[in-house]
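The values are calculated or read from the model by the stated rules, or taken from the named source; none is laboratory data. The structure presented is a predicted model; accordingly, all values stated were derived computationally and were not measured. Here the Cβ is made from the backbone with ideal geometry for all residues, glycine too, and neighbour counts use every protein chain on show. Surface areas here come from the heavy atoms of the whole protein model, side chains and all, with no ligands, DNA or RNA. Shrake-Rupley method; radii C 1.70, N 1.55, O 1.52, S 1.80 Å.
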Amino acid sequence: MLNYPFMQNAFIVGTLIAIVSGFVGVFVVARQMSFLAHTLSEIGFAGASFGLFMNWSPLWGMLLFTILAATTIGELGMQEEHADSLISAVSAIAIGLGIAFLALSQKNASAATSILFGSIFSISHDNIQQVILLAVLVLVLVLVLFRPLRHFAFDYNTARFSIKYIVLVEVAFLVIMATTVAVSSQIVGSLLIFILMTLPASAAMRVGRTVWQMVAWSISFAVFGVWVALVLSYWTNVPVSFYIAILEAAIYFVALAWSNQRNH
């Protein structure tokens, strides 16, 4: 299986994306921004469709749309009392734009399927370089900003007054989150990206006691899910995204049951 270059590429990209998603996901879940992550995936669909329309790489179109959306909608959502309604409205617009750009680009159905559900087995060498570059950039930013991000995510009410440059931290977090969504869509597609960003982290929070333990567990759960999904997808010819969804959900339910049993 690993003798094939496409499987080698899939494991390299899949591992990197799982690490980034697992790491960033802990802060997303702790800050209770899972709904925004889901919305960014739909905005990413519009961005990828726009990229196809402009004859760009879908990744760059997705990156453009998600970063713009995260830094504007995210800031408004943090200040807006009815943030859910705002995000839902933007999500509806994004889906409509995505469909429109796909129609205007006159691409075939396989292009739309790749955007929506991922296409890791057909990822190109250029895409691998892009993913590696963006993944390393995200990891470096999270490590550099780890302490303020931890404070911001786990104790936001205090962080607003104790962190001097709280707005910059918020913007940096939203950009990191948007970039993670854009990069991770290479595996599970724009519609299912919230799986890798939220389920491993949610399970990790049931198991870990410190933030670093949560990060370690979250990355482990994400990497395990991606590796097993790649193997199963290779042997059964069923999309990787299906197996990732099932595996990560199973891990979460096991962690939930274990946590409930431990607390009792």
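Here are a few things to note about the model shown:
- Unmet requirement for V171, which otherwise passes all of (1) surrounded by 24 or more Cβ atoms within 10 Å (Cβ to Cβ); (2) within 27 Å of G98 (Cβ to Cβ): (1)
- Exactly one residue out of S202, S185, S190 is at pLDDT below 85, touching a Gly at 6+ places or on another chain (Cβ under 9 Å) and either surrounded by fewer than 24 Cβ atoms within 10 Å (Cβ to Cβ) or in a loop (DSSP other than H, G, I, E, B) (or both), and it is S190.
- Flag if L247 is within 17 Å of the chain's Cα centre (by Cα) and without any contact (Cβ under 8 Å) to a residue 24 or more places away in the chain: yes
- Selected residue (criterion: most open to solvent (accessible area, probe 1.4 Å)) from residues of region 221-239 that are in a helix (DSSP H, G or I) and of a type outside the set (A, V, I, L, M): W235
- Close pairs (8 angstrom Cβ cut-off, 6 or more residues apart or separate chains): without any contact (Cβ under 8 Å) to a residue 60 or more places away in the chain in region 221-244, surrounded by fewer than 16 Cβ atoms within 10 Å (Cβ to Cβ) and not aromatic (F, W, Y) anywhere: L232/V238; Y243/V228
- Verdict on S57 being polar (S, T, N, Q), open to solvent by 10 Å² or more (accessible area, probe 1.4 Å) and touching a Gly at 6+ places or on another chain (Cβ under 9 Å): yes
- Residue in region 109-122 that is at pLDDT 80 or above and open to solvent by less than 70 Å² (accessible area, probe 1.4 Å) present: no
- Cβ pairs under 6 Å, 6+ apart, first in region 131-159 and surrounded by 12 or more Cβ atoms within 10 Å (Cβ to Cβ), second of a type in the set (S, T, Y): L134/T179; V138/T179; V138/T180
- Filter result for L196 (of a type outside the set (K, R), at pLDDT 90 or above and part of a helix (DSSP H, G or I)): no
- Count of region 1-51 residues, restricted to those that are open to solvent by 30 Å² or more (accessible area, probe 1.4 Å), touching a residue at least 60 places away in the same chain (Cβ under 8 Å) and in a helix (DSSP H, G or I), is 9.
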